[in-house]
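Please read the structure below before turning to the comments.
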Amino acid sequence: MTSLALSTKFSLYPNSTFLQFQCPNRTQRITFPQIACSATEQPKGQQKRPKKKKSVTDSEKGIDPVGFLTKFSISHKQFSQFLRERHKSMKDLTDEIFNRHIDLRDMASGFEILGIHRHPEHREDYMEWAPGARYCALVGDFNGWSPTENCAREGHFGHDDYGYWFIILEDKLRDGEKPDELYFQQYNYIDDYDKGDSGVPIEEIFKKANDEYWEPGEDRFIKNRYEIPAKLYEQIFGPNGPQTLEELEEIPDAETRYKAWKEQHKDDLPSNTPCYDVIDNGKEYDIFNVVLDPVSQEKFRAKKPPLAYWLETRKGRQAWLKKYSPCIPHGSKYRVYFNTPSGPLERVPAWATYVQPDAEGEQAFAIHWDPPPEYAYKWKNSRPKVPKSLRIYECHVGISGSEPKNSSFSDFIEKVLPHVKEAGYNTIQLIGVIEHKDYFTVGYRATNLYAVSSRYGTPDDFKRLVDEAHGLGLLVFLDIVHSYSAADEMVGLSLFDGTNDCYFHTGKRGHHKYWGTRMFKYGDLDVLHFLLSNLNWWPTEYQIDGFHFHSLSSMMYTHNGFASFTGDLEEYCNQYVDKDALLYLILANEILHALHPDIITIAEDATFYPGLCEPTSQGGLGFDYCVNLSVSEMWSSFLETVPDHDWSMKNLQIKHLCMLKSYNQSISGGRSFAEILFGEIKDGSHDTKKLLLRGCSLHKMIRLITLTIGGRAYLNFMGNEFGHPERVEFPMPSNNFSFSLAKRRWDLLAKEGLHHNLFIFDKDLMNLDENERVLTRVLPSIHHVNDDNMVIAYLRGPLLFVFNFHPTDSYEGYGIGVEEAGEYQLVLNTDEIKYGGQGLIKDDQYSRKTISKRGDGLRNCLEVPMPSRTAQVYRLSRILRI
């Protein structure tokens, strides 16, 4: 479970030349300033001197590299200088990007050209980045795994200076079929694939174009291309003109010829053909201008090119299937073959969208996913609106079933999505969806960033999952791992082209200090192209609504975050900080929020990096929310090492409680909170009942205080809501690859008892936020803390939250200070019988009135009953005017 801290509202650089976008009808378009140029020169005397544009400073654009430091009145010379230098580096980086890409949309859309793509001219195009390779070919079952049949051509069209390889794979002509008459013949494969199969020949389309497009007389000289020069020759020399240079007499000057021609044709009837006059400017070198008739000129400019007829020449998919067989059939297995200085090797393409990473001991391969358009998945539901408060249900598809096996996307749709909706959450966050070879890594050592994990289903199965979630009103977030990558060479990116520095740093910096994973080279433009395009790929192809950026501390520091942090700002700007990684995160947030305005980005950082959720224009990194793992360690410490009587209420005031996240249920080997709280339930003895009551009470109180004391979003891991009794342990050699703990006990919800009661409470907790908008209100001010009584209380909006963590002492009329005098109604009580409590607060005690007595520095006091280990939420229902 987790609450998340919300950042200041994200905004792009106002009036900036760095990144601008327009949003007509939700269709995004990024534009950049271009130099205006004219092909015509103004007449002398009418030329205007261009006005010098006044240079616009960053401050005038609303950009302040140290803005968030000023906002919070923080003064630190070294960190301020670091932010200014980082801002300058960002400008230099964008200039470098614009030397290679037309704009940032182009920078983040590599998936449109890299990998395998169907071309309208009956072929497949394949492009890959491998600067260290000397030879590139595509091999697979479609060509008998031959490294010579489909290879890149020599020269620029096969390999450019940046290391990109380009391969064309022609479709195969079927027996008895003749090649297309037009070398540019195109076919509709996906869009309007049923059009063009009417059987109308090309000649009829061309005749139709000429008949409908040209007006009478306009196409006269197009059909008879030699008529103009022949008539001109006849006009000058007569019907029996000279045939050789020797016979050529002196030609009259242009003005004389022009006047004679005008006199000869002065009585001609009007014509639709454009009127062009040739005149002499009287220059010795005999340069002529063509003066156009204004009416004809305007008419010509208004005429649109005949693109509609050009598109009509496209044939449909049925015509293509009749004439050709696909060069790479749907479902084909393939790899990319490189010849490198260290020898030949085969790799899974970096941009592959469907991969089989571990095919029963065989080498991994990509799968060409190109189903016929009539069978491809069609989206049914639109994306839900982003709610004001996020209640996130984090889940792992593979362990989401009740059976000890890998669950599929279809199983998840059938069993988990309805449960999430019923439980009151409005967002699901999926971990382990991106392809990874080793299942026990939970998906954090991703190998193929553009592919959904094949162990759960196909790409279309995942689209259906997202679509069904949207149909239920649920947003879908994805856990993205760009902070490091798997070190696997056969299926991942390590040594992709035979070199050690293709996607990653070399030497020690290229490897994680403790995990052995590879570290991306964020300062390389082509690596940025790959990662930024990957972020754009998931919302574009799969309609993902947000990202959870995993383990940012691993990428932001060369020590991978494994260092002692005291909170001194110098630790965030010293020689161990990876500035290139920070620039990447800034770019990632700016591009994502520009291309997908409603997208949500969440940062996971254990080092509390300053400005993580501040706008990039004010020196921040631009995330919408941040989550921190350290608070779960506090709860674990309290539960496992601190006796119940020694819990300090002052420690519960920590501001980062809003970012508590329990990974004990998602990392193999850790005990779940339920295991810690309930222990081993052996029998129905008195001690066991006391243990269950203690665990049940603290479970509800921890969840209530986590949601209400901190941030503006809340995250819960799958099963925590009902106190899942077992930890998660993925199949691995140490447990003989057992799936016994890699599942969820949904059967417990069908039985009356502890787990059913905890689920009912969590459901009402979600309803409390939905009805009272708890997470959207101003963060609470904790005004009552008593370590002796182990009581803590705070106000958030019209709601009063009171907690009694004392293991034995109860209070009949405990005084809590409130500002408003009036009547307070009990709206949530953790001790209710339906929640597994004892029901010690009776119905006649649910409404309480304030007394005229100052308490906790506030004007009034509310006396409330507080049984031990319980929490209550009161709402101001009626204000008393005194």
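The values are calculated or read from the model by the stated rules, or taken from the named source; none is laboratory data. In this text, all values refer to a predicted model and were calculated from it rather than measured experimentally. All Cβ positions, glycine included, derive from the backbone under ideal geometry; neighbour counts span all protein chains shown. Just the protein is used for accessible areas: all its heavy atoms, side chains included, with ligands, DNA and RNA removed. Shrake-Rupley method; radii C 1.70, N 1.55, O 1.52, S 1.80 Å.
Averaged over its residues, the stretch 518-587 has an accessible area of 26 Å² per residue, based on protein heavy atoms and a 1.4 Å probe. Rolling a 1.4 angstrom probe over the protein heavy atoms with all chains in place gives the stretch 76-126 an accessible area of 48 Å² per residue. Computed packing ranks the peptides 495-507, 363-375 as 495-507, 363-375, most packed first, by mean other Cβ atoms within 10 Å.
3J(HN,Hα) couplings calculated from phi for the stretch 516-522 with the Karplus curve 6.51 cos²θ - 1.76 cosθ + 1.60 (θ = phi - 60°) are, in sequence order, x, 7, 8, 10, 5, 9, 5 Hz; Gly and Pro show x.
If the chain linking Val200 and Ile851 were pulled fully straight, counting 0.36 nm for each residue of separation and taking away their Cα-Cα distance, it would gain 225.4 nm. Along the axis of the charge dipole computed for the stretch 630-879 (Cβ charges of +1 for Lys and Arg, -1 for Asp and Glu, origin at the Cα centre), the listed residues Leu749, Ile841, Thr808 are led at the positive end by Leu749. Reported to the nearest whole Å, the Cα centre-to-centre distance from the stretch 87-116 to the stretch 591-605 is 18.
As a ratio to 2.2 N^0.38 Å, the alpha-carbon radius of gyration for the stretch 630-879 is 1.04.
Taking amide H as placed 1.01 Å from N in the peptide plane, the amide H of His482 sits under 5 Å from that of His550, each at least 5 places away or on another chain.
Packing here is the average count of other Cβ atoms within 10 Å per residue, and on that basis the peptides 435-445, 706-716, 749-759, highest first, run 706-716, 435-445, 749-759. In straight-distance terms, cross-link reach from Lys303 covers every one of the aspartates and glutamates whose alpha-carbon lies under 14 Å from its own, apart from those fewer than eight places away in the same chain; here that gives Glu212, Glu215, Glu218, Asp219. Within the accessible surface of the stretch 630-879, defined with a 1.4 Å probe on protein heavy atoms only, the carbon and sulfur portion equals 48 percent. Close amide-amide hydrogen proximity is noted between His119 and Glu124, Asp125, each under 5 Å apart and 5 or more residues distant or on a separate chain (H modeled in the peptide plane; Pro and chain starts excluded). Peptide packing: for 347-354, 639-646, the average count of neighbouring Cβ atoms within 10 Å per residue gives the ranking 347-354, 639-646, highest mean first. Please work out whether the stretch 314-454 counts as rounded, prolate or oblate from its C-alpha gyration tensor, where a ≥ b ≥ c are the square roots of the eigenvalues and a/c under 1.5 means rounded, while otherwise a/b larger than b/c means prolate and anything else oblate? Cα axes put the stretch 314-454 in the oblate bin. Taking amide hydrogens as placed 1.01 Å from N in the peptide plane, the amide H of Val355 sits under 5 Å from those of Ile367, Ser454, each at least 5 positions away in sequence or on another chain. With the whole protein complex present, Thr256 retains an accessible surface near 70 Å², based on a 1.4 Å probe.
One Cα centroid belongs to the stretch 485-548, the other to the stretch 691-750; the line between them spans 32 Å.
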